[in-house]
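What follows draws every value from the coordinates through simple rules; no lab data is involved. It should be emphasised that the depicted structure is a prediction, and the values quoted were computed from it without experimental measurement. Glycine also receives a Cβ, built like all others from the backbone with ideal geometry; neighbour counts cover every protein chain displayed.
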Amino acid sequence: MANRAGEDPRTAGLARDWSWTEPTVWTARMLAALEQGVKGGKWYSLIDKLQSETTLRAAFAQVEANRGCKDALRRVQELLDAGYVHIVDADLKSYFDTIPKDRLTALIDRKVSDGRIMTLITNFLEEGVLDGEQEWTPEQGTPQGAVVSPLLSNIYLDPLDHLMAARGFEMVRYADDFVVMCRSQEDAAAALAVVQQWTAAAGLTLHPTKTRLVDEREHGFDFLGYHFEAGKRWPRSKSRKKLRDTIRAKTKRTSGQSMTQIIADVNRTLRGWFEYFKHSYRPTFRMEDGFVRRRLRSILRKRSRRKGSAKANGADQTRWTNACFVALGLFSLQQAHAAVCQPSCR
């Protein structure tokens, strides 16, 4: 099969409708079928491709890369910088629990007619839920925690992606979390009307109080763990609470571990949290560093038979200075931010 210059031979002649697929999946027979035309635009034999080691390894490599969440955040920032500050902050109420199963399978059936694949998907959708000693099968939705649930949920929202793009709206979506970004309040209102109409027709519900129109310069909005407002971003309240709850669990005053062991455990949490939130507004890191040190000083107070917890300002800061924790190897969010921050960092 002849290829044009620069083309991947595995995907030469690939029909536009299927160009999104992983190149390693395509066999010579499949490429030949594309050249001749796929009957009805569907694939009738796919289970062997699903089971192949090459396909499974390619799928694992994509999951391991973990590249889409940050791409979505990057796109939001680009659009804000370009003046798209009028936001449709949408919230799908109980999305995973309310996806109509019959409509979802019909959507998949437009491209896939391999009965074995469809049976496998149906088995996932009909998975029972164990509530105490009782088991029941939900009439709607995809099973929470099932490996295929994110894929199925993306498939169901894919028509909305195409509709918004066709209408000229800038929608950024990751799983069921999405925002529509506009240059004017009028455009945002029009975009919300389109989303409302589509979700109603798709059997989904927009949360009546959490779905709103906001001006990022005045009120801000949450997206994928971040809060965006007035040209800056920082971890949303729930993200900060989750971090602090995790740190509290690892720094109990009654802990029998050595301070070195406790700090090593805390560092694992801090490094992971920083990797995701390192583009936050600078004061974020100073505040969280202070919280971590107060927790550690409270442990040291108890071990030195002093009552009460460490305060933000007090003798404990002199007794156990910041430098002491640096010497013990405590990861500093503030210092890590300073090391990676460019002059344009907010």
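Once the piece of chain linking Q185 and V63 is laid out straight, how much longer is it, given 0.36 nm per residue of separation minus the C-alpha distance between them?
That works out to 40.2 nm of additional length.
For segment 237-321, I need the span (max minus min coordinate) of the C-alpha atoms along each principal axis, in Å, sorted largest to smallest.
Largest to smallest, the principal-axis extents are 40, 26, 20 Å.
Skipping prolines and chain starts, which residues have an amide H placed within reach, meaning under 5 Å, of the one on L206, given they are 5 or more residues away or on another chain?
K93
Quick one: Cα convex hull volume of segment 201-346, Å³ per residue?
Expressed per residue, the convex hull around the Cα atoms of segment 201-346 is 170 Å³.
Arranged from highest to lowest average of other beta-carbon atoms within 10 Å per residue, in what order do the peptides 116-123, 263-270, 82-89 appear?
Highest to lowest by the protection proxy: 82-89, 263-270, 116-123.
Please give, to one decimal in nm, the separation of the simple spin-label points placed at L328 and K93, each 7 Å out from Cα toward the Cβ.
4.9 nm
Would you mind checking K242/K307; K101/K238; K70/K250; K70/K252; K70/K278 for any pair whose Cα atoms are more than 22 angstrom apart?
From the list (K242/K307; K101/K238; K70/K250; K70/K252; K70/K278), the Cα-Cα distance tops 22 Å for K242/K307; K101/K238; K70/K250; K70/K252.
Rounded to the nearest 0.05, what FRET efficiency is calculated for S52 and R268 with R0 set to 22 Å and r the Cβ-Cβ distance?
0.05
Of F228, I247, S304, whose Cα points farthest to the positive end of the dipole of segment 217-308 (charges on the beta-carbon: +1 Lys, Arg; -1 Asp, Glu; origin at the Cα centre)?
The residue sitting farthest along the positive end of the dipole is S304.
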